[in-house]
Amino acid sequence: MCGIVGYTGKGEALPVLLGALERLEYRGYDSAGVCVIENKKLFLEKKKGKIRELVRSLLGKKILGKTGIGHTRWATHGEPSERNAHPHTDEREEFAVVHNGIVENFLQLREELQKEGVKFKSDTDTEVIAHLIAKNYEGDLLEAVLKTVKRLRGAFAFAVVTSKEPGRVVGVKEGSPLIVGLGEGENFLASDIPAILPYTKKVVPLNDGEVADLTPEGVSFYDFEGNPTKKEVMLVSWDVVSAQKGGFKHFMLKEIYEQPKVIGDSIRGFLSKETEVDLRNYRRILIIACGTSYHAGLVGKYWIERFVRVPVEVIYASEFRYGDYPVGEGDLVIAISQSGETADTKFSSSMAKERGAKVLALVNVVGSSLDRESDFTLYTHAGPEVGVAATKTFTTQLTVLYLLAISHLKDYEELLKGILEVPRLVEKILNNGEKIKEVAQKYQKFKNFLYLGRYLNYPIALEGALKLKEISYIHAEGYPAGEMKHGPIALIDDKMPVVSIAVKDRVYEKMLSNIEEVLSRKGIVIGVGNEDDEVLKKKSKDFIGVPRAREELYPILTVVPLQLLAYEIANLLGLDVDQPRNLAKTVTVE
Ligand code: M6R
């Protein structure tokens, strides 16, 4: 988590750094800071809270300098405070470091440095990097950085500047994301592409174990031994506009409304090239992912088992990594991750690869670590997703998983027709936004929610509950409706809204019985079903309709009203929808 940025060039560094930090704020927003080299001195400014606090504190200050680094923090070591905000410096304030990730052996390094008399100013792991670089410096920043990284353990990316060599920024990647942006007479470093999009579309993603040495004139790349590495330049197809709000109140709302388009883009993207992966060639498939991507994996399991008839296990990446899952040759691991940088997913998939499994990454960010480190990649074409709550990346993940599952079937053409209809059907649901707003009005003050579904809509119940929890801070549970009677039904009373997904699929009748069980305990049913379903309408206190579709495609439809419901409730509660508390968009720590 945390966002880092670096700039060196012909322009003034400060506005570039602040703009880039705003676009990286989704990665963390506990504190922010910048360091600009001004007249061979480091100028530092840090503030607790969001970037706007930092911007406020800089108002009226004239800071001129053409090189600098910046940081937006998601706290790991040390509470969110000004003292722990980055950049961190050495004692003489000649070296400044911004860092994303964790230096696992920082306590040992800290003790070692303290024994040598070094005084620490913060509780962070980052500060050891600044002191070590200062200690190792003998006139060449790159040399000092290379010596320092050999002492660090963990997953991290950092950028460093020194007043001794104005005009130079050195960046390091080991486990956390870092990209270089190539401009004309200026170069950039950042944790993610949107940060630098207004300036350049030429991007070079760094691999783990690489260092980038930036000056305004050019960028050189090295491995940790100091050997030059060859890099390819990637041209980004996103534009700046697609990373902005476009008239919507929040990114999340804009991203929900983009779904018809990006589902279409993802279908076209999938169809534009032959799939390298034939799922029938594997004895077993493991899907590893976190959060919303994990829920996409759960739906994928149903599709793959139904269409391909290969057994699928879906495992939280954080559990897979330290479990004893027998994985090896003959297995396919599908690693699903919007960012392609989630630490748990990344480390788990490389572990599976080492043990002989093939890894297929399903990512949204081209050039992300998972994309580069996997045997095969499939892309969602969702464009940049800024809202912390995943929405359009979920429905596009589903779209690609569905296409993958059907791609080698005899009746492929027929099944394809179904999914080609989905963008239009999602559009129809979005046109019903006012109704969902009304439902949100009614239920915004409730303290607990249950979400029920069965079969393909069970993962959607989980996803609906996750959306509500993460942006509205209301307690919500997703549950397979048939399991209710084994315990959770005890929770039902007349204060419990139960969002019940009951579309006309193979479990429709079963869902109706489960809804009866809820009603007879006075639960408040919010039905999500087919728009022409008069039976469900009668059973529901409130009803949200979705159009008819092929049974297997319903999850891509039923999730949309649940995203909107969560959004509207959080918005009515006046919460920070795009940057909910305690969260970050990309979780690059374990
Ligand atoms: O980038 P990833 O898809 O790997 O991210 C996984 C989760 O961190 C992510 O889905 C998270 O749960 C979202 N906040 C959900 O809205």
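Diffusion coefficient (Stokes-Einstein, Kirkwood radius over C-alpha pairs, 10 °C, 1.306 mPa s) for the stretch 101-170: 127 µm²/s, rounded to a whole number. Near the amide H of Asp90, within less than 5 Å, lie the amide hydrogens of Phe95, all on another chain or at least 5 residues away, with H placed in the peptide plane. Rounded to the nearest 10 degrees, the inclination of helix 343-354 to the longest alpha-carbon principal axis of the chain is 90 degrees.
Pairs over the 31 Å Cα-Cα cut-off, from the set Lys66/Lys173; Lys249/Lys504; Lys201/Lys435; Lys442/Lys485; Lys410/Lys537; Lys261/Lys410: Lys249/Lys504; Lys201/Lys435; Lys410/Lys537. Looking at the chain, the accessible area is 38 square angstrom per residue; that uses a 1.4 Å probe and ignores ligands, DNA and RNA.
Cα centroids of the stretch 416-487 and the stretch 162-224: 41 Å apart. Between amide H atoms placed 1.01 Å from N, distances below 5 Å from Ser31 occur with Gly49, Arg73, all of them 5 or more places distant or on a separate chain. Neighbours of Tyr282, meaning other residues whose beta-carbon lies under 15 angstrom from its beta-carbon, give a summed charge of +1 when Lys and Arg score +1 and Asp and Glu score -1. Counting 0.36 nm for each residue step from Lys428 to Arg309 and taking away their Cα separation leaves a gain of 39.6 nm. The DSSP beta bridges internal to the chain are antiparallel in roughly 60% of cases. Accessible surface for Ser407 stands near 20 Å², nearest 10, in the context of the full protein assembly shown (1.4 Å probe).
Label sites at Ser81 and Lys522, each approximated as a point 7 angstrom past Cα along Cα to Cβ, lie 4.9 nm apart. Within straight-line reach of Lys417, meaning a Cα separation under 15 Å, sit the following aspartates and glutamates at least 8 residues removed in sequence or on another chain: Glu551, Glu552.
Can you tally the net charge around Lys121? Count Lys and Arg as +1, Asp and Glu as -1, for every other residue whose Cβ sits under 9 Å from the Cβ of Lys121. Here the charged neighbours net out to 0. Atom-type composition of the exposed protein surface of the chain places 49 percent of the accessible area on carbon and sulfur (1.4 angstrom probe). Across the stretch 554-560, coupling constants 3J(HN,Hα) worked out from phi with the 6.51/-1.76/1.60 Karplus curve, θ = phi - 60°, read 4, x, 6, 8, 5, 5, 4 Hz, and Gly and Pro carry x. When a/c reaches 1.5 or more, the comparison of a/b and b/c decides; with that in mind, is the stretch 397-516 rounded, prolate or oblate per its Cα gyration tensor? Cα axes put the stretch 397-516 in the prolate bin. A 1.4 Å probe, protein heavy atoms only, puts the accessible area of Lys428 near 90 Å². With contacts taken as Cα pairs under 8 Å and at least 6 residues apart, the chain reaches a relative contact order of 12 percent. Cross-link pairs exceeding 23 Å in C-alpha to C-alpha distance, out of Lys437/Lys467; Lys10/Lys47; Lys392/Lys539; Lys62/Lys245, comprise Lys10/Lys47; Lys392/Lys539; Lys62/Lys245. Taking Rh as the Kirkwood radius, which is the inverse of the mean 1/r over Cα pairs, what is the Rg/Rh value for the chain? The Rg/Rh ratio comes out at 1.00. Counting charges near Val149 (Lys, Arg +1; Asp, Glu -1) among other residues having Cβ under 15 Å from its Cβ returns a value of -4. Highest average first, the peptides 347-354, 198-205 ordered by how many other beta carbon atoms sit within 10 Å of their residues are 347-354, 198-205. Shape of the stretch 127-260 from its Cα gyration tensor (a ≥ b ≥ c, root eigenvalues): rounded if a/c is under 1.5, otherwise prolate when a/b > b/c, or oblate? Prolate, because a/c is 1.5 or more and a/b exceeds b/c.
Of the peptides 9-17, 28-36, the ranking by mean beta-carbon count within 10 Å, highest at the top, reads 28-36, 9-17.
Extending 7 Å from the Cα toward the beta-carbon at both Lys541 and Lys150 defines two label points whose distance is 6.7 nm. Over all Cα atoms in the stretch 1-112, the spread is summed up by Rg and Dmax: 13.6, 42 Å. Among 399-405, 169-175, the peptide with the highest mean count of other Cβ atoms within 10 Å heads the list, and the full ranking is 169-175, 399-405.
Residue pairs exceeding 25 angstrom between C-alpha atoms, taken from Lys40/Lys115; Lys46/Lys346; Lys150/Lys230; Lys150/Lys585: Lys40/Lys115; Lys46/Lys346; Lys150/Lys585.
In this structure, the amide hydrogen of Ser500, modeled 1.01 Å from its nitrogen in the peptide plane, lies closer than 5 angstrom to those of Leu452, Ile526, Gly527, Val528, counting only residues at least 5 positions away or on a different chain.
For the stretch 245-420, the Cα gyration tensor yields ellipsoid semi-axes of 25, 20, 13 Å (square root of five times each eigenvalue, largest first, whole Å). Name the shape class, rounded, prolate or oblate, that the alpha-carbon gyration tensor gives for the stretch 3-241, where a ≥ b ≥ c are the square roots of its eigenvalues, rounded holds for a/c under 1.5, and otherwise prolate holds if a/b is larger than b/c and oblate otherwise. It is rounded, given that a/c, with a ≥ b ≥ c, falls under 1.5. Put simply, the convex hull of the Cα atoms in the stretch 430-574 casts, on average, a shadow of 7.4 nm².
Divide, for the stretch 355-396, the radius of gyration over alpha carbons by 2.2 N^0.38 Å, where N is the residue count.
Scaled against compact globular proteins, the figure is 1.27.
The values are calculated or read from the model by the stated rules, or taken from the named source; none is laboratory data. These numbers were taken from a predicted model, which means no experiment stands behind them. Heads up, the Cβs are rebuilt from the backbone with ideal geometry, glycines too, and the neighbour counts pull from every protein chain shown. Areas reflect the complete protein model, heavy atoms only, side chains present, ligands, DNA and RNA absent. Shrake-Rupley method; radii C 1.70, N 1.55, O 1.52, S 1.80 Å.
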